[in-house]
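The values are calculated or read from the model by the stated rules, or taken from the named source; none is laboratory data. Here the structure is a predicted model, which means the values were calculated and not measured. Note: ideal-geometry Cβ built from the backbone for every residue, glycine included; neighbour counts use all protein chains shown.
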């Protein structure tokens, strides 16, 4: 292992120990053994690229900041996760090597991002796949940026106020196109946008505000989860890769999310510290 990997591994050793202590919630046993999980991953830490392997296969090569994976339908079970600094696997020594459990029936997004203070962290968000009234759309905003509290405006009017990192807020609005921007809470100072959002009927449009205000690289990333229309003719959730799950089953996914997430957080934090020290 080279000196850089040794530094990364030493910093992340505590993260591995923490992930081993995570227990599978009892609610995971309530699902059919073969029911698949739907998992997306969002990389919201600027300036860091990693390679992620699962069971010896490259799962996320050259995983770059601002990237959101398509939902992956995963069989429940144990996955051996290896995380390498970009370009250092699979023949090198992994900075992180961990076995993690993927419970059945989960629908969630794992976000690697910055805290309000600018430190790398990970947050597991449960995707709301409950029914949406006919003609309506669900808008979810997730604050994952190194920035203070913000307001979200649609058509120039605040619709979400005082949102702080790493929280989210959802609302149901008429389906259609809306111009949205993000401003500093209680002000008209635009931090991100404006951007046109296509809010589909029966869909959950998830907007991530990510990046760093200090580094002036704040940006928006959107994720669309379809198939929640309550009127006849709604698109089946399986066609979009989104799979319905109640809150308990989605929370069960935290076993995989915490194990893999804490490992990635350690890697990201170590690389940021290494960059500052060298």
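Have a look at 166, 158 and point out the one that is out of contact with any helix residue (DSSP H, G or I) (no Cβ under 9 Å at 6 or more places or on another chain), in the same structural domain as residue 205 (by TED's automatic domain parsing) and within 17 Å of residue 219 (Cβ to Cβ). Outline the logic, then answer.
Details: 158 fails: within 17 Å of residue 219 (Cβ to Cβ).
Among 166, 158, only 166 is out of contact with any helix residue (DSSP H, G or I) (no Cβ under 9 Å at 6 or more places or on another chain), in the same structural domain as residue 205 (by TED's automatic domain parsing) and within 17 Å of residue 219 (Cβ to Cβ).
Pairs please, first residue from the range 40-58 and on the phi > 0 side of the Ramachandran plot, second anywhere and in a strand (DSSP E or B), Cβ atoms under 7 Å, 6+ apart in sequence or on different chains.
Listed pairs, sorted by first residue: 55/79; 55/80.
Let me confirm something: among 147, 108, which residue is surrounded by 17 or more Cβ atoms within 10 Å (Cβ to Cβ), closer than 26 Å to residue 48 by Cα, in contact (Cβ under 8 Å) with a residue 60 or more places away in the chain and not assigned by TED's automatic domain parsing to the domain that holds residue 69? Can you show your working first?
Working: 108 fails: not assigned by TED's automatic domain parsing to the domain that holds residue 69.
Only one candidate passes the filter, namely 147.
So for the range 68-89 (the condition being modelled with pLDDT of 80 or more, under 25 Å from residue 213 (Cβ atoms) and within 17 Å of the chain's Cα centre (by Cα)), does at least one residue qualify?
In the first step, residues of the range 68-89 are kept if they are modelled with pLDDT of 80 or more; the result is 68-73, 75, 86-88.
Checking the rest, the ones that are also under 25 Å from residue 213 (Cβ atoms) come to 68.
Adding the requirement that they be within 17 Å of the chain's Cα centre (by Cα) leaves 68.
Yes; the residues of the range 68-89 include at least one that is modelled with pLDDT of 80 or more, under 25 Å from residue 213 (Cβ atoms) and within 17 Å of the chain's Cα centre (by Cα).
For the range 184-193, enumerate the residues that are within 22 Å of the chain's Cα centre (by Cα) and farther than 26 Å from residue 135 by Cβ. Write out each step before concluding.
To start, the set of residues in the range 184-193 that are within 22 Å of the chain's Cα centre (by Cα) comprises 191-193.
Of everything in the range 184-193, those that are within 22 Å of the chain's Cα centre (by Cα) and farther than 26 Å from residue 135 by Cβ turn out to be 191, 192.
Only one residue in 9, 37 is buried (at least 16 other Cβ atoms within 10 Å of the Cβ), over 30 Å from residue 217 (Cα atoms) and modelled with pLDDT under 85, so which one is that?
Values: 9 fails: over 30 Å from residue 217 (Cα atoms).
Matching residue, one of 9, 37: 37.
Examine the range 253-273 for a residue that is surrounded by 19 or more Cβ atoms within 10 Å (Cβ to Cβ), in the same structural domain as residue 64 (by TED's automatic domain parsing), closer than 30 Å to residue 134 by Cβ and at pLDDT below 95, and state whether such a residue exists.
Yes, the conditions are met somewhere in the range 253-273.
When you scan the range 194-204, how many residues do you find that are more than 21 Å from the chain's Cα centre (by Cα) and part of a strand (DSSP E or B)?
2
Please list, ordered by first then second residue, the pairs with beta carbon atoms under 6 Å, 6 or more apart or interchain, first in the range 172-199 and more than 20 Å from residue 137 (Cα to Cα), second not in a strand (DSSP E or B).
Going by the 6 Å Cβ cut-off, the qualifying pairs are 183/189; 185/149; 191/218; 192/218.
With respect to residue 190, determine if the residue is surrounded by 15 or more Cβ atoms within 10 Å (Cβ to Cβ), assigned by TED's automatic domain parsing to the domain that holds residue 224 and either at pLDDT 95 or above or closer than 25 Å to residue 64 by Cα (or both).
Numbers: surrounded by 15 or more Cβ atoms within 10 Å (Cβ to Cβ): no; assigned by TED's automatic domain parsing to the domain that holds residue 224: yes; either at pLDDT 95 or above or closer than 25 Å to residue 64 by Cα (or both): yes.
For residue 190, the condition - surrounded by 15 or more Cβ atoms within 10 Å (Cβ to Cβ), assigned by TED's automatic domain parsing to the domain that holds residue 224 and either at pLDDT 95 or above or closer than 25 Å to residue 64 by Cα (or both) - is not met.
Would you check if there is a residue in the range 86-94 being buried (at least 22 other Cβ atoms within 10 Å of the Cβ) and in a strand (DSSP E or B)? Please lay out each step first, then the result.
Kept after step one, since they are buried (at least 22 other Cβ atoms within 10 Å of the Cβ), are these residues of the range 86-94: 94.
Among the residues that remain, those that are also in a strand (DSSP E or B) are: none.
Scanning the range 86-94, I find no residue that is buried (at least 22 other Cβ atoms within 10 Å of the Cβ) and in a strand (DSSP E or B), so the answer is no.
So which strands (runs of 3 or more DSSP E) are wholly in the range 96-181 and hold at least 3 residues that are closer than 27 Å to residue 38 by Cβ and either at pLDDT 90 or above or over 18 Å from the mean Cα position of the chain (by Cα) (or both)? Show your work before the answer.
On the way: elements: 96-102, 107-114, 120-126, 136-146, 150-154, 157-163, 168-174.
Where strands (runs of 3 or more DSSP E) fall fully within the range 96-181 and carry at least 3 residues being closer than 27 Å to residue 38 by Cβ and either at pLDDT 90 or above or over 18 Å from the mean Cα position of the chain (by Cα) (or both), they are 96-102, 136-146, 168-174.
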